[in-house]
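What follows is calculated from the coordinates using simple rules that are stated; it is not laboratory data. For clarity, every value in this text was computed on a predicted model and none was experimentally measured. Note that each Cβ is placed from the backbone with ideal geometry, even for glycine, and that neighbours are counted across all protein chains shown.
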Amino acid sequence: MSFQGDRCAEEGSRVLLVEGKDDCHVVRGLLRSRKIERTFGIFACESYEGLLSRANALVLAPTELQTLGLVLDANLVGPAARWQAIRDKLKRHDYDFPRSLPTEGAVVPGKSHTPRLGVWVMPDNHSKGSVEDFCLQLIDEKDLDVVREAVQLGKDRKVAQFKRVHKSKALVHTYLAWQDEPGKPMGQNIAGGRLPSDTPTAMSFVQWLARLFELETSRDEETSHA
Amino acid sequence: MLKSFSIARFRLFRSLEVSSLGRVNLLVGKNNSGKSAFLEAVQLFAERASPHSLWDLVSVREETWSGRIEIIGNEEVGSPIRHLFREHQLPGLGDQGIVLGSDQDEDEIHICTVAYRRLHDEEEDVSRLERLEPEGVEISDPEVEVYLVAENGGRTRRLMKLAESGWPPRAVRMPVPKKVRVVPTRSMLTHEVADLWDLIGLTPLEEEVLAGLKLIDESIEDVAFVEDRGRGSRMPLVRTTKFDEPVPLNSMGDGVSRLFQIVLALANVEDGILLVDEFENGLHWSIQPRVWETVFRLASKLNVQVFATTHSRDCVEAFHSAWQENPDSGAFFRLSLDDQGEVRPVAYDLETLGDAVDTRVEVR
């Protein structure tokens, strides 16, 4: 499937909404790394509120979506609160939401005129965090320890100015700054195979995408899910 | 005020129900999704299916040509009224016809056909009609007459005799007072506009109409209708601060004329219903929010329920901003055609329409 124009502003009858461009590129990178054909568009909404608004409007859109996936961060409030916010926002559309967000990601069937709905709350539907925490789990532990020390040094010496809430982001970007092509986005590192895409969380995320969008996955992907 | 509205077997509608209507309602939908037909159904319902409103509806769409002939029983019936029925067919005797209803069960109207036998009383030299059961009616019998009727709450009102040659058919009863005003897609006729002006001239509503015109052009100070001797009709002139002499209102642009007609019609239908097809016609996007504000305000003040259609995203956005200011007064829905070609209403609440506006997701 090919899409024209902005790579993170795709539309169509099967769409994955993500908060930011980084999320968009991470998803693309993961699928490319795992050689899974992408049969859905990705749209970066630029904010959490924008994502919920767009989702709410898309459910009623005249094009009648088949599948709508939502990937959100849970950096301040945690996944349970995000899950509740999604249910509140989409309450008018008559979905049968499970009470709590399944750790393997939610896939809620659509009714006659509403799309199938998928929800994944970063990093793993269970912990507080964001797409950066999801990415941190892909970095080798020993490498990450070095990055942590460096960032801590920056904090101690008052060079690092970032707020506490952005710590994971600072770690990821510090790590990226040191790679062969400094500053190359996370998604490209994953796609290029310089970062693994087979950690348990990454595998679980890909399986959620596969279930939601009925993607063709390879045999080992299915067995690892079982 | 209609809180909900249901339509069966009218025009393209098989069966449709729209609940949670508001004081000011905006409909969207693709071409042929039934937006105009929805407005017509509201008109027909509000005018209690008067023969006059039936005639209005078929004549506006130029459906008064006598096209295909059809059969009720074994009689040929070519009435243009058939175009109002689903699949352009009059219901047979005993069949379900058009049903229009609201949240008030007792208001439901059923428009169908009934056969009568004309009985003559030679002594009194009068005749009367005896209703016949639909089964076994011999339509070829010269004493049998078929009528289009409106049934409502156990009462049957004969609207017009069918199977008569010539058009318009003889209407059985004349219409109820104007409870509905229609602003059509294109301009209203000059004499209609003049008549409306006469009804509110020298009343406080005149000020409202002038205030409406000022939304588009602040220089407008007053309106008067004068005889256009060449055409034998009266045309509106406006006095403005820009020119020394009055100028024709129609020379001030489509927006001024359109707004004048909308506000004028609204001011003339207190306690009734205003229907505006393709609201945005002639109105520049930048003034639409103020036009909608005026419509919401006047509709509330005069207890008018408004139904409008649009194709324009600007119009939807302008409507939304006025709805936000009047959260209890608006309703918005799309008529969508499903795979079987049946019309389905999709209602948006204020929050969802706002989300669609903010994120530029299509609603039409």
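Numbers at a glance
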| read-out | value |
| --- | --- |
| 5 Å binning of all Cα-Cα separations within chain A, expressed as whole percents from 0 upward | 1, 7, 14, 19, 20, 16, 12, 6, 3, 2, 0, 0 |
| Peptide A:60-68, shielding by other chains (average Cβ, 10 Å cutoff) | 4 |
| Rel. contact order, % - alpha carbon contacts under 8 angstrom, at least six apart, the stretch A:131-191 | 35 percent |
| Test item: B:344-352 mean partner chain Cβ contacts at 10 Å | 3 |
| Mean separation of Cα contacts under 8 Å, 6 or more apart, over the residue count of chain B: relative contact order % | 20 percent |
| Shielding of B:325-336 by partner chains, average beta-carbon count, 10 Å | 1 |
| For B:PHE85, A:PHE213, order by how many other beta-carbon atoms lie within 10 Å, fewest first | B:PHE85, A:PHE213 |
| Between 0 and 90°, nearest 10: helix B:35-46 axis offset from chain B longest Cα axis | 70 degrees |
| Helix A:200-213 axis, angle to chain A major axis (alpha carbon atoms, nearest 10°) | 20 degrees |
| Inter-label distance, nm, simple model (7 Å from Cα along the C-beta direction), A:ASP94/B:ASP198 | 5.1 nm |
| Cross-link reach list, lysines versus A:LYS128, counting only Cα pairs under 28 Å and skipping chain neighbours closer than eight places | A:LYS21, A:LYS89, A:LYS91, A:LYS142, A:LYS155, A:LYS158, A:LYS163, A:LYS167, A:LYS169, A:LYS184 |
| Degrees, to the nearest 10: B:350-359 long Cα axis against longest axis of chain B | 60 degrees |
| Listed peptides B:7-19, B:29-41 by packing density, highest first (mean Cβ within 10 Å) | B:29-41, B:7-19 |
| Segments B:144-152, B:280-288 sorted - mean Cβ within 10 Å per residue, highest first | B:144-152, B:280-288 |
| The protein assembly as shown - Debye-derived log10 I(q)/I(0), Cα point model, q = 0.06, 0.08 Å⁻¹ | -0.48, -0.74 |
| Stokes-Einstein translational diffusion, the stretch A:131-191 - Kirkwood Rh over all Cα pairs, 1.567 mPa s, 4 °C, in µm²/s | 109 µm²/s |
| Mean projected area (nm²) of the alpha-carbon convex hull when chain B is viewed from all directions | 22.0 nm² |
| Peptides B:113-122, B:130-139 ordered by average Cβ neighbours within 10 Å, highest first | B:113-122, B:130-139 |
| Rough spin-label spacing in nm, given labels placed 7 Å along Cα→Cβ, for A:LYS111 and B:LYS242 | 5.2 nm |
| Cross-link reach list, lysines versus B:LYS242, counting only Cα pairs under 22 Å and skipping chain neighbours closer than eight places | B:LYS214 |
| The stretch A:71-147-the stretch A:9-27 distance, computed between alpha-carbon centres (Å) | 14 Å |
| Computed lengthening from B:ASP222 to B:HIS311, 0.36 nm per intervening residue step minus Cα-Cα distance | 28.8 nm |
| Free-standing Cys residues across chain A, given no other cysteine C-beta under 4.7 angstrom | A:CYS45, A:CYS135 |
| Percent RCO, i.e. relative contact order, over the stretch B:250-364, from Cα pairs under 8 Å lying at least 6 residues apart | 22 percent |
| Rounded to 5, the percent of DSSP beta bridges in chain B classed as antiparallel | 75 percent |
| Sorted by Cβ neighbour density within 10 Å, fewest at the top, the residues A:CYS24, B:CYS112 | B:CYS112, A:CYS24 |
| Neighbour-count order for B:LEU264, A:LEU17, fewest beta carbons within 10 angstrom listed first | A:LEU17, B:LEU264 |
